[in-house]
Amino acid sequence: MIKKETVFAFIIFLFFAVIFFNKSFLQFQAPFPGDLLVGHYNPYSSYSFLGYTPGGFPHKAQNIDVVEQLYPWKHFSISSLKAGEFPFWNPYNFSGTPHLAAIQSGTFYPFNLIFLILPFLLAWSIYIISQPVLAGFFTYLFLRELKLGFNSSILGGLVFSFSSFLVVWMEYGNIVHALLWLPFVLWLCHKNILKPTLFKSIVIALALSLSVFAGHFQVSIYLYLFSFIYVLFNLLNFHRKDFIFKIAIFIGIYVLSLLFSMVQILPSVEIFLSSSRSNYSFERLIEFLIPQYHAITMFFPDFFGNPVTRNYWLDGTYIERVSYFGIVPLFFAVYALFSKKNPYIWFFLSTILTIFFITFDTFITKFLYSIYIPPIIATSVPTRIMYIFVFSASVLAAFGYEHFEKNNKAKTFIKTAILIGLIVLGSWMFVVLSPRFFSNLDWIGNLSISLRNLFIPTSALLLGLFIMTIFVLKDRRFLKKYSRHIKRYFFIFILFITIFELYFFFQKFTPFSSKETVYPQTPVLNFIKENQENYRVWGYGAATLPVNIQTLEKIYSPEGYDPFYIKRYGELLSTTKGGNIPDLVERANARLAPGYGEKDLRENVYRQKIMNLLGVKYVLHKRDQDPHAFDPTFDSKIYGLLWYGNGWQIYENKNVLPRAFLVTDYVVLNDKDEIIKKIYNPEFDLSKTIILEENPSEKIVEELNEKIVNINSYTGNRVVINTNADGDAFLFLSDTYFNGWKVYVDGNEEKIYRANYAFRAVFLPKGAHEVIYRYEPLSFKVGLWISLLSISGALLVIIVSVVRKRGKI
């Protein structure tokens, strides 16, 4: 039976979500950086929206990955599912790439149901707004389980749900949805430690799996590790007699959770092993660490400025360093450390200190990483673990408020106030006095930014201290008659100050946009979509299209950006810069060599040859003056002007090869460098000869006089090609080669050869054939069976348990 108090708590978190997201509810604006899209990104910035001049739309310059990755990927997953096709493969970027396996779209996440029912943009808004509601409510449940009061638990939940870490990653969706299950798991783990049950154990396993399905492995791994450490802490401190029995239960829970998640884990592991995602070097990893002086932002979040206002004056990225959760909650977190000792306080304090030495640039951190860099950190930015930092700090704040509300010891209050006050006062003195003594330093001028950003946190602290002082003195003679009222309204005042400060930060950082700015229709992209057939599109110079919007616009592109993409394909594209495979391939980008000016497009023969091979028929160009005229950048022997408008031009590549064609000649090369050398040999004709990496069993002995190739159907997971030739031949398809693709010729499965370094070819005997490529990844099938069997087994055990209990009644 759900308690009324629990329902009321959920309503409170929902209420504050409405307050924070009031632009969505009152102005019908979406929590999406549409202003950034139409103000900064091609080709949208070339057109006028909502009365703004082209490219003049004001924006906060934040959440770039939402525009370029998260929204397009989620949109592709949902549109594929609505079309009756599972989103295994994305044909629009990277000349084809695994989609589901790349995980960040969160294809299996149950919240996708709202996308299947509601219009996408409305579902996206609910998807984003639900995050602080669930994060706060789950934190409340956990804190109540730790025997904290209603007020303390509400405060702790609100502090965590609108802490700076959650705010800066809020519109990404997948990161916060992956981490919000942490307090829920801790809540159930705590209950299950006290009284283990089969039902709770399975729900814990499912909750852990939901974090995986949300779409961010790094965050989920941290969740698994931290929650298991919490279980160990609990058992060792309070349940040593049952340690072996109970730890065995929890090991089983975590193993079961991994089994539940195999449908996502196995495909993701497969693409990871084939991707360019390599370990960071020690030197590169150190660059990601948070500078020690950045700790001041726990008191003043924008001490060093904010990228939204374009005045962040440190090197590095703002969003990877945030640790703020409100200066009044910070006061209570410190107060908790001076209060009655509690094992949970020490546990979460130890967590904070541990994370400090993982993420901050200290001698100890560098020394530890020089000895050993954990795999979870080696390929990722280590500061993503800061969400556990702010969660632990929020828990300490709840404990501190609980002790203050119940005990309000004057000595503890004074010690905490002096400590916090000295840091705040010292910050003010440093900002005000430094220009007088260090005027020759480059960064001194930036302290005017710091000065402005000291006011709100300082004001919040002073107001909070004033109210806390009244609360501490409430039983004194001159306040005694108001004591009852002070107790009643104290929490409301503290909550108001905290919410006001967090709300200011939230509104400052979080972009909201009208639906007219969310990937609006543009004439240049409309022309491409209407005429592209199966050919690919590329932008030259200033006409470069942002990566991955092609997935949303359904435009075929040779380029893309994804933490998991096929390394072999990235190697090929990287050769378009100088004709050789570089020692290091970009970790997340696969792109043709960018070019600028009138000469580069003509002179880079490597890029032109790969563009022809990839089926890049349309090249975008920007020409503001006289746009209807043929631009001298383009060689008229190779390119023809097809379309122009709003400063945009579209040129047709006359030398482009079909996406699929037949050849009778081949060479076999095994060495990567030799293959690249052969591709770029001026005398090597890619339209007549392909490069294989193994000797085919079939032999071709004659040239073709007649050959017909038609792509009759082209979707993400299935390509149907009809051919007819008067001799044997290889059918080449310029789609990326990857495990999981199978080819069926007239219903019979045949072998797919890797051709021309990164693509596909299949042998066809003479005559007419129907060739069907289907993406059927074994990793998904095996993972699906493991997940289904484990989930079915868990449900069966629950059913049997329920039946037995009823039989005993």
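The values are calculated or read from the model by the stated rules, or taken from the named source; none is laboratory data. Predicted, not measured: the structure shown is a model, and the values here were computed from it. Positions of Cβ are generated from backbone atoms using ideal geometry, with glycine treated the same way; all protein chains shown enter the neighbour counts. These accessible areas exclude ligands, DNA and RNA; they are computed on the full protein's heavy atoms, side chains included. Shrake-Rupley method; radii C 1.70, N 1.55, O 1.52, S 1.80 Å.
Can you tell me the convex hull volume per residue for the chain, based on C-alpha atoms, in Å³ to the nearest whole number? List each step's numbers first, then the result.
Details: hull volume 166.6 nm³, N = 809.
Spread over its residues, the Cα hull of the chain gives 206 Å³ apiece.
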Notebook entry, point to check: Over what distance in Å are the Cα centres of the stretch 699-754 and the stretch 614-647 separated?
Noted result: 33
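What is the dipole size for the stretch 458-580, taken about its Cα centre, with +1 at each Lys and Arg Cβ and -1 at each Asp and Glu Cβ, in debye to the nearest 20? Provide the component values of the computation, followed by the final result.
Details: 16 positive and 9 negative charges, 296 e Å.
Approximately 1420 debye in magnitude.
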Check: Using alpha-carbon positions, what is the distance between the centroids of the stretch 118-138 and the stretch 314-383, in Å?
Finding: 28
Next item on the list: Indicate the gyration tensor shape class of the stretch 688-762 (rounded, prolate or oblate), computed on the Cα atoms with a ≥ b ≥ c the square roots of the eigenvalues: a/c under 1.5 is rounded; otherwise a/b larger than b/c is prolate and the rest oblate.
Entry: oblate
Checklist line | Dipole axis of the chain (+1 Lys, Arg; -1 Asp, Glu on Cβ), positive-most option in Trp648, Val203, Asn279 | finding: Val203
Notebook entry, point to check: How large is Rg over Rh for the stretch 183-301, taking Rg from the Cα atoms and Rh as the Kirkwood inverse mean of 1/r across Cα pairs?
Noted result: 1.08
Next item on the list: Determine, for each peptide in 60-71, 305-316, 2-13, the mean count of other beta carbons within 10 angstrom over its residues, then list the peptides with the highest first.
Entry: 60-71, 305-316, 2-13
Notebook entry, point to check: Taking the Cα atoms only, what angle lies between the long axis of helix 71-82 and the longest principal axis of the chain, rounded to 10 degrees?
Noted result: 70
Margin query: What do you get for the angle between helix 4-20 and the principal long axis of the chain? Use alpha-carbon atoms, 0 to 90 degrees, nearest ten.
Written below: 60
Next item on the list: Identify the trypsin sites (Lys or Arg not before Pro) of the stretch 318-399 meeting these criteria: DSSP loop state and at most 13 other C-beta atoms within 10 Å of the C-beta.
Entry: Lys340, Lys341
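Counting other Cβ atoms within 10 Å, keep those with at most 12, restrict to DSSP loop, and tell me which trypsin sites (Lys or Arg not before Pro) in the stretch 447-506 are left. Before the final figure, lay out the partial values.
Working: sites: Arg452, Lys474, Arg476, Arg477, Lys480, Lys481, Arg484, Lys487, Arg488; in loops: Lys474, Arg476.
Hits after loop and neighbour filter: Arg476.
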Margin query: If you count only protein heavy atoms with a 1.4 Å probe, what accessible area per residue comes out for the stretch 174-333, rounded to a whole Å²?
Written below: 35
Margin query: Output needed: percent of Cα pairs per 10 Å distance bin for the stretch 701-809, bins running from 0 to the one holding the longest distance.
Written below: 12, 32, 20, 11, 9, 8, 5, 1, 0
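Hey, what's the Kirkwood Rh for the stretch 61-202 if you take every pair of different alpha carbons, in angstrom?
Details: mean 1/r = 0.0594 Å⁻¹.
The answer is 16.8 Å.
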Next item on the list: Would you compute, from DSSP H runs of 4+ residues alone, the mean residue ellipticity of the chain at 222 nm, taking -39500 (n - 2.57) per run and dividing by the full residue count, rounded to the nearest 500?
Entry: -16000 deg cm²/dmol
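Of the listed pairs Lys4/Lys411; Lys241/Lys341; Lys654/Lys781; Lys515/Lys654; Lys567/Lys637; Lys567/Lys688, which have alpha-carbon separations greater than 32 Å here? Working shown, then result.
Working: Lys4/Lys411 37 Å; Lys241/Lys341 24 Å; Lys654/Lys781 42 Å; Lys515/Lys654 38 Å; Lys567/Lys637 34 Å; Lys567/Lys688 26 Å.
Table pairs above 32 Å Cα-Cα are Lys4/Lys411; Lys654/Lys781; Lys515/Lys654; Lys567/Lys637.
Looking at the stretch 592-740 from every direction and averaging, what is the projected area of its Cα convex hull in nm²? Kindly include the intermediate steps, with their values, before the conclusion.
Working: hull surface 45.6 nm².
About 11.4 nm², averaged over all directions.
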Margin query: I'd like to check one number: the per residue accessible area of the stretch 586-648, probe 1.4 Å, reported in Å² as a whole number.
Written below: 48
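Can you check what the Kirkwood hydrodynamic radius comes to for the stretch 659-698, Cα pairs only, in Å to one decimal?
Values: mean 1/r = 0.0922 Å⁻¹.
Mean inverse Cα-Cα distance, inverted, gives 10.8 Å.
Please report the carbon-and-sulfur percent of the accessible area for the stretch 458-576; probe 1.4 Å, protein heavy atoms only, DNA, RNA and ligands left out. Don't jump to the answer; show the numbers that get you there.
Numbers: 2960 of 4920 Å².
Summing carbon and sulfur atoms, their accessible area is 60 percent of the total for the stretch 458-576.
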Note to self: Under the rule a/c < 1.5 gives rounded, and otherwise a/b versus b/c splits prolate from oblate, where does the stretch 604-661 land using the Cα gyration tensor?
What the structure shows: prolate
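Give the ranking of Trp428, Trp169, Trp785 by solvent-accessible surface, highest area first, calculated with a 1.4 Å probe. Let's see the in-between values first.
Working: Trp428 60, Trp169 5, Trp785 160 Å².
Ranked list, largest accessible area first: Trp785, Trp428, Trp169.
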Next item on the list: Identify, among Ser152, Asn705, Phe21, the residue whose Cα sits farthest towards the positive end of the charge dipole of the chain, taking +1 on the Cβ of Lys and Arg and -1 on the Cβ of Asp and Glu, with the dipole about the Cα centre.
Entry: Ser152
Margin query: With angles folded into 0 to 90 degrees, how steeply does helix 410-437 sit against the dominant principal axis of the chain? Use alpha carbons for both and round to 10.
Written below: 50
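So if I place +1 on the C-beta of Lys and Arg and -1 on the C-beta of Asp and Glu, and nothing else carries charge, what would the dipole magnitude of the stretch 724-809 be about its Cα centre? I want it in debye, nearest 20.
Details: 11 positive and 8 negative charges, 221 e Å.
Dipole of the stretch 724-809, to the nearest 20 debye: 1060 debye.
Please state the shape class of the stretch 1-135: rounded when a/c is under 1.5, otherwise prolate if a/b exceeds b/c and oblate if not, all from the C-alpha gyration tensor. Each step should come with its number before you reach the end.
Values: a/c = 2.53, a/b = 1.20, b/c = 2.11.
Cα axes put the stretch 1-135 in the oblate bin.
One quarter of the convex hull surface, Cα atoms only: what value does that give for the stretch 82-135 in nm²?
Details: hull surface 18.1 nm².
Approximately 4.5 nm², given one-decimal rounding.
With charges set only on the Cβ (+1 for Lys and Arg, -1 for Asp and Glu), what does the dipole of the chain come to about its Cα centre, in debye to the nearest 20?
On the way: 74 positive and 57 negative charges, 1072 e Å.
It comes to approximately 5140 debye.
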Check: Can you tell which of Pro627, Val537, Pro91 lies farthest toward the positive end of the dipole of the chain, using +1 and -1 charges on the Cβ of basic and acidic side chains (Lys, Arg; Asp, Glu)?
Finding: Pro91
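Distance check, please: which entries in Lys678/Lys751; Lys577/Lys599; Lys60/Lys508 exceed 18 angstrom between their Cα atoms?
Values: Lys678/Lys751 24 Å; Lys577/Lys599 14 Å; Lys60/Lys508 9 Å.
The answer is Lys678/Lys751.
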Check: Across the stretch 338-425, how large is the tail of the calculated P(r) beyond 16 Å, expressed as a percent of all Cα pairs?
Finding: 65
Next item on the list: Figure the gain on full extension for Ile296 and Lys340 (residue separation times 0.36 nm, minus the Cα-Cα span) and round it to one decimal in nm.
Entry: 13.2 nm
Check: Ranked from the most accessible area to the least, with a 1.4 Å probe and all protein chains present, what is the order of Arg607, Arg718?
Finding: Arg718, Arg607
Item checked: Spacing of the two label points (7 Å from each Cα toward its C-beta) at Tyr680 and Asn722, in nm -> 4.1
Item checked: Diffusion constant of the stretch 395-538 at 20 °C, which comes from Stokes-Einstein with the Kirkwood Cα-pair radius and 1.002 mPa s, µm²/s -> 106
